[in-house]
1. What order do you get for 65-71, 104-110 when each peptide is scored by the mean count of other beta carbon atoms within 10 Å, highest first?
2. In a shell of Cβ-Cβ distance under 9 Å around G43, excluding G43 itself, what net charge do Lys and Arg (+1) and Asp and Glu (-1) give?
3. Would you work out the relative contact order for the range 5-153, in percent, from Cα pairs under 8 angstrom that are 6 or more residues apart?
4. Report the calculated FRET efficiency for D21 and D116 (r = Cβ-Cβ distance, R0 = 25 Å), to the nearest 0.05.
5. Starting from the Cα-Cα distance between S134 and E31, subtract it from 0.36 nm times their residue separation and give me the gain in nm to one decimal.
6. Convex hull volume of the Cα atoms in the range 100-154, per residue, in Å³?
7. Please report the net charge: other residues with Cβ closer than 15 Å to the Cβ of P150, K and R +1, D and E -1.
8. Send over the semi-axes of the range 5-153's equivalent ellipsoid, whole angstrom and largest first, taken as the square roots of 5 times the C-alpha gyration tensor eigenvalues.
Amino acid sequence: MASPFNDFGSQIRSLVSSSADRTQKARQLAEKIRELGNYRWVGVYDVGEELVSIIAWSGPGPPAYPTFPTSKGLTGSAIEQKRTVVVGDVRNDPRYLTTFGGTLSEIIIPILGSADKRVIGTIDVESKLENAFSERDRQLLEQCAEASRPLWEA
């Protein structure tokens, strides 16, 4: 039986390998992921040695912290652990850096470089609903992250 992600994954692979400039591809990626789950906000970030920086987003506006240290926030935890971080109620998590008032759930998916397995990017998805992210959301978003790796390794 085919995965429901197969068609979506091929759309993401096609999008990130297009001839558009990187920022445009990142914006299209954020929009595509936002549509996937009808999420409130999606951000696509670069991860450097010391800083995390927004490339593009889809949602009500830019994040409150377009650049922040790699050790901060839920993103810092995803970078340190090299795995997805899911928080069902950010009001109860001291690591949370506010992107927008009213966000209740957040999931951060790290993008690992294929050569050295270092975190080279993240996809940040936010919801105004508590416990908005199911195991299926996590799996689909991790598949999106895997399919979009060429955006960071091109």
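Laboratory data are not the source of any read-out in this text; all were calculated from the coordinates shown. Computed from a prediction, not measured in an experiment: that's the story for all the values here. Using ideal geometry, Cβ is built from the backbone for each residue, glycine included, and neighbour counts are taken over all protein chains shown.
1. Values: 65-71: 14.3, 104-110: 23.1.
Averaged packing, sorted descending, gives the order 104-110, 65-71.
2. -2
3. Computed value for the range 5-153: 25 percent relative contact order.
4. 0.45
5. Contour length minus Cα-Cα distance gives 35.1 nm.
6. On the way: hull volume 4.3 nm³, N = 55.
About 77 Å³ per residue, rounded to a whole number.
7. Charge balance in the 15 Å sphere: +1.
8. On the way: eigenvalues 90, 60, 42 Å².
Computed over the range 5-153, the values are 21, 17, 14 Å.
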